[in-house]
Amino acid sequence: MESGRRIVVLGGGPFGLIVSSVIAARAETVQLWLPDPRQADELDASRTGRVRGAPYRLHENVEIMHDLDVLAGDSWTVFFVTPSRQFEDIAERIFERLTPERRHRLAIMTKGLLARTTRRRRSVYTYTQFLTAQAQERGFADCAVAAVSGPSLLAEIFSRQYSFFEIGCPDPEAGADLKSLLAGDNIQASVTDDALGVELGGALKNPIAIACGMAELLPGCSANFIGALIARGYGELRSVAAALGAREETLAGAAGLADLLATSVSPNSRNRSFGMQFVRKLLSSPAEPGWLERVEIFMRPTAMIEKEALANRDLVEGAFILEPLLEIAAERGIEVPLYTLIFDILARRKRPEALAAFFVEGALVGPEGELAAERQTDLGFVAGHDFKRLLEQRIYRHISSARGMQERVKRQSDTILKSLQRRLVAARDKRNLREMEELPREIELWKRLETARPDQARAGIEDLIEYYTDEIADNFSPSMRGALIRAMAPLRFIAGGLRPGAAMPYVGGQVQELQRLAKRYNILYAPTHRSHLDSVEIAFGLAWENLPSPRYAAGINLMTGPFMQKLLKTLGAYAVDRERTRNLLYLECLTRYSAMMLEAGIPSLVYPEGTRSRTGGVRPIKTGLLTTALEAYQSSGSEILIVPLALSYENTPEDEEFAGIKDHSEFGDFISKRTRCYLDVCEPIRVSRFVHREEPGAALAGEIDSAWRKGLRVLPNQLLARLLCENEHQLPLAGLEERIHDFIAAHPGNYLERSAAAIIKRGLAALESRGMAIRREGFIESRTPALVEYYAAMTPEGPSF
């Protein structure tokens, strides 16, 4: 090995301890890096770690470190022996400290695949590709990247059994250097230039070893079955690895087939042992999971896998690689039914016995052309507050896995504190009791995070997540909502002057189709937004037609006191604070909350336009609101139906506010102005059709917009308002029926009436009752042009409507 280059092993787990000591026997000094300063100090003092439950004495040439800044200035050989979940973050930190002008060797012993966000951002799949791209982007003049794998079980290296490493490195000199460090009395090492083959062979064999461990405890499954299982698994391994660029001869060698066999059959294999423990646990506890566990399973199946893997005393990388592996296979069009089945068993979607049925009954795949699964559970009765703890864990896990996210949140502290202080002053001026009570607590939490040391930042972020999720989460009670709707219906009818349609909206459209589909699929309602009454009308209309009642967002400003907050949350509202639009942590909590609802099969409602339309027309859709449905589908694999709802008001309660006639609407407006409301259920949209589009959010938005425009009712008063605007607010009665027929012929739409006589009679009555127009001397004339223009904007623009 070239003199002057220093060596560091990244990772203080059992394998890191052993690798550093193996190398130290052939090098003057090896640095062993641990991320936790306290653990580093303890290991430095004791010089003894734990491997497989037994004490392991470090080689005398191993030095312990936790400060990566020492990497600056020298040439380094770096061995990555970190958990796969930490690899990307640590790799970027390493590159920030290494000197680009010096010569470096980077050897990857971590088994895994890149996270989805990194794959999409950089168009690479593996760790070697990631490091190579990083080196090129950062201008490293001489940086060789290698993968190290092979039949080298931790327990067998520990007990000095013969073990084998294969080093995949395109640079022959660097490969020879790494071989000289790893080869020894009981360890054989070889070199190939196929880094991808070595890396993928070592990573993709681990889930198959887990399946072999499962099979050990299944009735009727012994050596014959495990042999067939390995053969099938090796076939899928080769398909994926070859598609990503690995060579066949590498996969058939030490880093592929040999490593697969050793890991799948050895009692010392951590992945195989994990599979056995998993099945043993299920067989000893055959009861079905409780509702909270079902929430977690169907909300994010990967969370259940991670939970099981992290509860194991040993690192089980085979559990963590399944999610990115299946995503890559789907992206590349590769069929991997065995890997998929292993994922489903670990995620508790299928029983372990399905592994035997895989070979007896054939591949467990859906009918040809099926794009997504049906809803696998119904948790529509569960209150969001009941799985708040799961939400907190998921949010923190997402923030931890997104590189740099924690630092970005902490950097926002100063800006957010200034904003909160201004809000508190304003709240005191306006005597806003809710904010006067809540804001000091939020300010205290942000101050604590702002001044936290790096090792304390996690606790500060977790406290804020708990605060925000508690504020957001609903406390839904189906019986309470049903009782309230039954009680309010006659009151609305009386308040509406006992007029037809005063209590309930008129519901039309694809009602029967939705009733059928709602029994099978998760539902996201996407209504137009015209009034603060929209959520009320939707609640009454859906209840009347026996359709699933959704959870919905409600502005926190409506929760003016403890009573209103409790009432709205009991009805299924979750709180949204629109003044926190720049608070990254809050937005993460809110987004994850709505996504979890869908993943768990809880019907939800969002207003894609964001805010109420003040013009009368359809506002542009905010595509960011639709990513909730896309993410929920990708996480759960269950189909999600977006159901556009078209709300059409004969009189919008806030019309004078929107037309600029008065500053704000009053409570009485919502009772006195409302006459008839129409709720049309548009054709449901399957999210699975859009996930592979280049811009899925924009494509979804276009389809929702089109559905709205087809579903919105064109009411008689709106049509007359449009004709008034086109004729300078003075419309002759003579020839009016012909004008109406011409308009309808030129502007396709969902007309409530097509009879010109009925349109004139009903439309004019509605305009006159509100004082918007008057009939005089053979003409209809506008009396409040701004209101007439508001209702005119609700009509179709032309043939493309």
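The values are calculated or read from the model by the stated rules, or taken from the named source; none is laboratory data. Every value quoted in this text rests on a predicted model; they were computed, and no experiment measured them. Here the Cβ positions follow ideal geometry from the backbone for every residue, glycine too, while neighbour counts run over all protein chains shown. What goes into the accessible areas is simple: the full protein's heavy atoms, side chains included, and nothing from ligands, DNA or RNA. Shrake-Rupley method; radii C 1.70, N 1.55, O 1.52, S 1.80 Å.
Some observations on this one:
- Share antiparallel - DSSP beta bridges, the chain, percent rounded to 5: 30 percent
- Tail beyond 47 Å, pair distance distribution of the chain (Cα, percent): 35 percent
- Region 1-99 - share of DSSP beta bridges that are antiparallel (%, nearest 5): 25 percent
- Stretch gain in nm, segment E545-D414, where the contour uses 0.36 nm per residue and the Cα spacing is subtracted: 42.2 nm
- Reachable lysines, given that their alpha-carbon falls under 27 Å from the alpha-carbon of K205 and they are not under 8 places away in the same chain: K111, K179, K281, K307, K350
- Percent carbon-and-sulfur accessible area, the chain, ignoring ligands, DNA and RNA, probe 1.4 Å: 51 percent
- Loop-resident GluC sites (Glu not before Pro) (DSSP state other than H, G, I, E or B) in region 696-775 with no more than 15 further Cβ atoms inside 10 Å of their Cβ: E728.
- Taking amide H positions as modeled 1.01 Å from N, with prolines and chain starts lacking one, the residues under 5 Å from K350 and 5 or more places away or on another chain are I345.
- Restriction of the trypsin sites (Lys or Arg not before Pro) in region 509-603 to DSSP coil positions whose beta-carbon has at most 11 other beta-carbons within 10 angstrom yields K519, R582.
- Modelled FRET efficiency - R0 41 Å, E726 with S479, Cβ distances, 0.05 increments: 0.20
- Interchain or long-range residues, amide H under 5 Å from L98's placed H: none
- In this structure the amide hydrogen of L32, modeled in the peptide plane, comes within under 5 Å of the amide hydrogens of V9, E63, I64, M65, none closer than 5 places in sequence on its chain.
- Residue-span extension gain [E703 to E63] - 0.36 nm each, minus C-alpha spacing: 224.3 nm
- Efficiency of FRET from Cβ geometry, D742 and L217, R₀ 56 Å, rounded to 0.05: 0.15
- Theoretical ellipticity at 222 nm over the chain - DSSP helices of four or more residues, -39500 (n - 2.57) apiece, nearest 500: -15500 deg cm²/dmol
- Working from label points 7 Å from Cα in the Cα-to-Cβ sense, the K519 to S400 distance is 4.3 nm.
- The residues H729, H692, sorted by heavy-atom accessible surface at 1.4 Å with ligands and nucleic acids left out, run H692, H729 from largest to smallest.
- For region 463-475, Karplus couplings with θ = phi - 60° (6.51, -1.76, 1.60), whole Hz, Gly/Pro x: 5, 5, 4, 4, 4, 5, 5, 5, 5, 6, 4, 7, 9
- Region 137-283: translational diffusion in µm²/s, Stokes-Einstein, Kirkwood Rh over Cα pairs, 37 °C, 0.692 mPa s: 204 µm²/s
- Gain upon complete extension [D41, A734; 0.36 nm per residue less C-alpha separation]: 240.0 nm
- Over the chain, relative contact order from alpha-carbon pairs under 8 Å, at least 6 apart, %: 8 percent
- 3J(HN,Hα) along region 219-235, derived from phi through the Karplus expression 6.51 cos²θ - 1.76 cosθ + 1.60 where θ = phi - 60°, amounts to x, x, 10, 10, 4, 4, 5, 5, x, 5, 5, 5, 4, 5, x, 5, x Hz, with x in place of Gly and Pro.
- In this simple spin-label model, placing a label point 7 Å from the Cα along the Cα-to-Cβ direction at both A72 and R280 gives a separation of 5.0 nm.
- Computed from the Cβ-Cβ distance with R0 of 45 Å, the FRET efficiency linking R775 to F667 stands at 0.90.
- Here each label is just a point 7 Å from Cα along the line to Cβ, and for E444 and E768 those points are 6.4 nm apart.
- The 3J(HN,Hα) values that the Karplus relation (6.51, -1.76, 1.60; θ = phi - 60°) gives for region 594-602 are, in residue order, 5, 5, 4, 4, 5, 4, 7, x, 8 Hz. Gly and Pro appear as x.
- For region 621-753, the solvent-accessible area with a 1.4 angstrom probe is 39 square angstrom per residue.
- Å² of accessible area per residue within region 73-209, as computed with a 1.4 Å probe and no ligands counted: 35 Å²
- Listed by chain and number, the lysines whose alpha-carbon sits under 20 Å from that of K662, ignoring those within fewer than 8 places in the same chain, are K673.
- Positive-end residue, the chain charge dipole about Cα centroid, Cβ charges, pick of F540, A147, Q730: F540
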